[in-house]
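Novice: Quick one: the structure is below, questions incoming.
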Amino acid sequence: MNLQIFGTKKCKDSKKAQLFFQERRIPFQFINLQEKEMSKGELRSILGSVKLDDLIDTESKVYEDKNLKYMLYDKEEALLTNPLLFKTPIVRDGKKATIGFVPEIWKQWISDSKK
């Protein structure tokens, strides 16, 4: 497994995702979206498993501050330039990805990796 967790230090679900993998002694890389933007390649990889619209946190302060509810905009570009627009955590293992705290899917990944 080659896990990455994209999130923020304040996000409770990001903390829960980290704890989930720590408890199972599975190494991961945590990417704090407040400090580092997601690359276009990382986003494209995630889009292989997740819909673009599902990645946007329509309840975030950034979404509200930029008034995106009432605008037409390039969603991919908005996410890349405003990483706090992402719903978190985004957990990625190669070409597989999830949004939010979904341990049932992660358990399946772990099981599949042991085969």
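The values are calculated or read from the model by the stated rules, or taken from the named source; none is laboratory data. Just so it is clear, the structure is predicted and the values come from calculations on it, not from any experiment. Neighbour counts run over all protein chains shown; Cβ positions are idealised from the backbone, glycine included. Keep in mind that these areas ignore ligands, DNA and RNA; they rest on the heavy atoms of the full protein, side chains included. Shrake-Rupley method; radii C 1.70, N 1.55, O 1.52, S 1.80 Å.
Novice: Which of the helices (runs of 4 or more DSSP H) contained wholly in segment 45-115 include at least 1 residues that are under 23 Å from ILE26 (Cα atoms) and open to solvent by 40 Å² or more (accessible area, probe 1.4 Å)?
Specialist: 103-113
Novice: Turning to a different aspect of this structure: Where the second residue is β-branched (Val, Ile, Thr) and assigned to a strand (DSSP E or B) and the first is without any contact (Cβ under 8 Å) to a residue 24 or more places away in the chain and lies in segment 94-106, which pairs have Cβ atoms under 7 Å and are six or more apart or on separate chains?
Specialist: ILE105/THR98
Novice: What number goes with the only condition from (1) modelled with pLDDT of 95 or more; (2) within 23 Å of MET1 (Cα to Cα) that SER111 does not pass?
Specialist: All conditions pass for SER111, except number (1).
Novice: Can you tell me which residues in segment 9-44 are part of a loop (DSSP other than H, G, I, E, B) and open to solvent by 20 Å² or more (accessible area, probe 1.4 Å)?
Specialist: Those that are part of a loop (DSSP other than H, G, I, E, B) and open to solvent by 20 Å² or more (accessible area, probe 1.4 Å): LYS9, LYS10, CYS11, ARG24, ARG25, ILE26, PRO27, GLN34, GLU35, LYS36, GLU37, SER39.
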